[in-house]
Every structure is written in structure tokens, then in C-alpha cells.
1. Tell me, please, whether a residue that is acidic (Asp, Glu), surrounded by 24 or more Cβ atoms within 10 Å (Cβ to Cβ), within 27 Å of Ile93 (Cβ to Cβ) and at pLDDT 95 or above can be found in the stretch 146-168.
2. Using beta carbons and a limit of 8 Å, which pairs, at least six apart or on different chains, have the first residue in the stretch 126-146 and assigned by TED's automatic domain parsing to the domain that holds Met169 and free of Cβ contacts under 8 Å to residues at least 60 places away in the same chain and the second one aromatic (Phe, Trp, Tyr) and in a helix (DSSP H, G or I)?
3. From the list Glu248, Glu252, Glu270, exactly one residue is under 30 Å from His59 (Cα atoms), touching a helix residue (DSSP H, G or I) at 6+ places or on another chain (Cβ under 6 Å), modelled with pLDDT of 95 or more and of a type in the set (Asp, Glu). Which is it?
4. If you take just the helices (runs of 4 or more DSSP H) that sit entirely in the stretch 141-254, which of them hold at least 2 residues that are under 17 Å from the mean Cα position of the chain (by Cα) and among the aliphatic types (A, V, I, L, M)?
5. Just to be sure, is Arg251 surrounded by fewer than 18 Cβ atoms within 10 Å (Cβ to Cβ), of a type in the set (D, E, K, R) and more than 27 Å from Leu163 (Cβ to Cβ)?
6. Mind listing whichever residues of the stretch 175-194 are in contact with an Asp or Glu (Cβ under 8 Å, 6 or more places away or on another chain) and in contact (Cβ under 8 Å) with a residue 24 or more places away in the chain?
Amino acid sequence: MQALKGLAGRSLSLKKHTIYQTFSILSAPAENHHLPKWVYQTRRTLILEPTSSQFVNLHRLSDSDSGIVEINLNRPDRKNAIGKDFLRGLQQILEDISTDDSAKVVLIRSLVPKVFCAGADLKERKMMTQSEVNTFVESLRSTFTFIETLRVPSIAVIEGTALGGGLEMALSCDLRICGENAVLGLPETGLAIIPGAGGTQRLPRLVGRAIAKELIYTGRKISGAAAMSIGLVNHCVPAGEAHVKALEIAREINEKGPLAIRMAKKAIDEGLEVNMVSGLAVEHECYEQLLDTQDRLEGLAAFAEKRKPKYSGK
């Protein structure tokens with residue numbers, strides 16, 4: 001079953017006590033015509049030495065919710081602004097999740113009332129040199145790409161403000177659930193820059209080119225209801241209920257065959273990067289990898305016996 005590990009979510013490597021971090025980025029065409037027209041290429045990004053972060057923590061749910069993990073953002077004094085320590089903590093937690101075979105669904109949520117993430121820490125940014133800013137943004141972009149390529153589904157739970165890098169973080173997730181009090185936007189052009197952590201690429205792929213251009217050119221902030229209407233979020237629920245809705249969806253996913261979920265994500269994400277013929281080849285490859293699994297046999301047996309399946313991820 002080694003092939004099931006695939007490419008996604010195994011590329012980030014935090015080397016403790018060093019100042020380098022290794023990520024995979026999308027790059028040159030792949031030689032295998034069954035794969036998308038890109039492959040993963042390793043790049044080393046300079047960051048500070050990894051240490052524990054007080055701003056980001058990991059919570060693993062238990063009992064019937066075992067397999068659901070939550071990344072909690074908690075920097076109330078700066079509205080979860082993304083600074084060096086914050087980013088470092090997020091990177092370490094992603095490393096933990098990527099090597100945890102028991103993780104089946106990831107929720108990213110804020111513990112700070114009325115805010116998901118306000119974006120970059122501009123006070124810290126003001127003290128950086130031009131070179132340091134470039135390095136930091138590159139590391140931020142790579143981190144969000146890593147969220148996107150996790151083997152398991154990710155859900156952004158948005159209550160309140162999600163601006164700039166905060167929205168870009170949410171865009172890197174598979175699903176987005178927001179409260180009706182949410183305020184979302186990419187205001188970077190107002191600071192004479194552009195969204196630099198994936199916003200110019202992920203937003204148009206999600207809502208379409210014209211709408212994305214309008215939102216980025218104007219830097220306009222939109223409500224949760226408006227975000228729902230353009231397909232930016234999957235669900236907009238009453239304020240304060242986004243986490244409840246996200247958990248509801250996570251539990252539905254958690255009940256399914258974990259290997260099937262991973263292969264479904266791989267087939268969708270990689271297939272959308274190529275033409276239909278190549279995409280169908282990706283789908284076939286992913287389906288084929290599930291044939292010789294214990295979970296497939298368990299699913300058939302449970303159906304025949306009219307009982308709930310007990311999947312092992314094997």
C-alpha cells in the first residue's frame with residue numbers, strides 16, 4: 001500500500017535546530033502522462049529556528065470523533081495576524097498532521113471571537129528588510145500550498161474577519177464554512193502590493209476570473225452571504241454556528257473509507273490540472289489503488305450484512 005501515500009502531504013520537512021525548511025512546490029511537466037502536467041519540486045526556505053508556538057495549537061478529537069483534528073489559531077491581541085512565530089507554529093502542526101495516519105479530517109478555526117485571521121502582521125512586516133519580506137512571503141505561500149496538498153480534507157471555519165493572508169489560508173483548504181458575520185477580502189492592492197500567498201491563483205480558480213479580478217483590483221471586503229453567492233464558501237450559517245456546521249461535515253467525511261477519501265481528493269485535485277483524457281487516467285489510477293484494500297472488502301461485507309462498516313485505513 002505504499003503507493004497510496006502519493007505525493008501530497010509528505011513533502012514538508014521541518015529540521016529541528018536548523019534555519020531551513022523544505023517544501024514542495026508545483027513545477028515542471030511530469031514525464032508520466034497519467035499524472036498532471038506538473039510535478040513537485042523541493043525548495044528550501046529560510047526561516048527562524050522551529051520552536052513551540054503559543055499562537056497555534058493542535059487538538060485531536062476523541063471517541064466517535066477520533067480522526068478529526070483541529071488547528072486552533074489563538075493570537076487575540078493581533079487578531080491572529082500572521083507573524084514569524086505564528087507561521088512557525090502552523091508549520092510545525094502541519095508537519096505533525098502529515099505524519100499522523102490517524103488524521104482523517106482537518107479543521108482550521110480561530111479561538112479569537114469575531115476573527116478568523118486578519119492577515120499578515122504588518123507591524124512586524126514594517127521592521128523587515130525587503131529580502132526578509134520576500135523570504136517570509138515565500139515561506140507563507142509554501143505553507144498554504146502544503147495545506148492544499150495534505151492527503152486528507154481540510155475545512156476552514158470562518159467566523160468574523162478573514163482578510164489578506166487569512167483568506168488565502170482559507171482558500172488553501174478544501175472547504176470553507178463561514179458565519180453570516182464573516183468579512184472576507186484581499187485588500188493588498190490598497191497597500192500597493194498583491195496577494196502573494198496564493199490569492200491571485202486560488203481565488204479565480206474558485207469563483208471565476210472576472211469576479212476574482214474585481215475583488216482583487218478593488219480590495220473590496222464582502223459579507224459571508226455574498227461569499228456564499230459567488231461560491232467562495234460552501235456554507236454560510238448563522239453567526240457562531242460555523243464550527244458546528246464544519247463538525248457536521250467532518251463527521252460525515254470521517255465515517256467514510258479514509259483511503260477512498262484520500263484517493264478522491266487526489267483524483268479531483270490532480271485531474272483538474274489536466275485535460276479530460278488525462279484526468280480520467282488519474283481517476284483510473286486512483287481507483288485501481290483501492291481495489292486491493294481491506295477497506296473495500298469491509299465496505300462490501302457491511303453492505304451485504306446491513307451494518308455500519310468499520311474501516312481500518314488499510
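The values are calculated or read from the model by the stated rules, or taken from the named source; none is laboratory data. Everything numeric here is computed off the predicted structure, so don't read it as measured data. For neighbour counting, all protein chains shown are included, and Cβ atoms are generated from backbone atoms with ideal geometry for every residue, glycine included.
1. yes
2. Sorted first by the residue in the stretch 126-146, then by its partner, the pairs are Met128/Phe136.
3. Exactly one of Glu248, Glu252, Glu270 is under 30 Å from His59 (Cα atoms), touching a helix residue (DSSP H, G or I) at 6+ places or on another chain (Cβ under 6 Å), modelled with pLDDT of 95 or more and of a type in the set (Asp, Glu), namely Glu270.
4. 165-171, 199-207, 242-254
5. It is true that Arg251 is surrounded by fewer than 18 Cβ atoms within 10 Å (Cβ to Cβ), of a type in the set (D, E, K, R) and more than 27 Å from Leu163 (Cβ to Cβ).
6. Cys178, Gly179, Asn181, Ala182, Leu186
Residue by residue, here is whether (1) surrounded by 13 or more Cβ atoms within 10 Å (Cβ to Cβ); (2) more than 30 Å from Ala212 (Cα to Cα); (3) among the small types (Gly, Ala, Ser); (4) in contact (Cβ under 8 Å) with a residue 12 or more places away in the chain holds:
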| position | (1), (2), (3), (4) |
| --- | --- |
| Val237 | yes, no, no, yes |
| Gly257 | yes, yes, yes, yes |
| Tyr287 | yes, yes, no, yes |
| Leu291 | no, yes, no, no |
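Residues are listed down the side, and each one gets a yes or a no for (1) surrounded by 15 or more Cβ atoms within 10 Å (Cβ to Cβ); (2) under 17 Å from the mean Cα position of the chain (by Cα):
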residue	(1), (2)
Leu94	yes, yes
Thr99	no, yes
Ser102	no, no
Val106	yes, yes
Arg109	yes, yes
Val112	yes, no
Lys126	no, no
Glu138	yes, yes
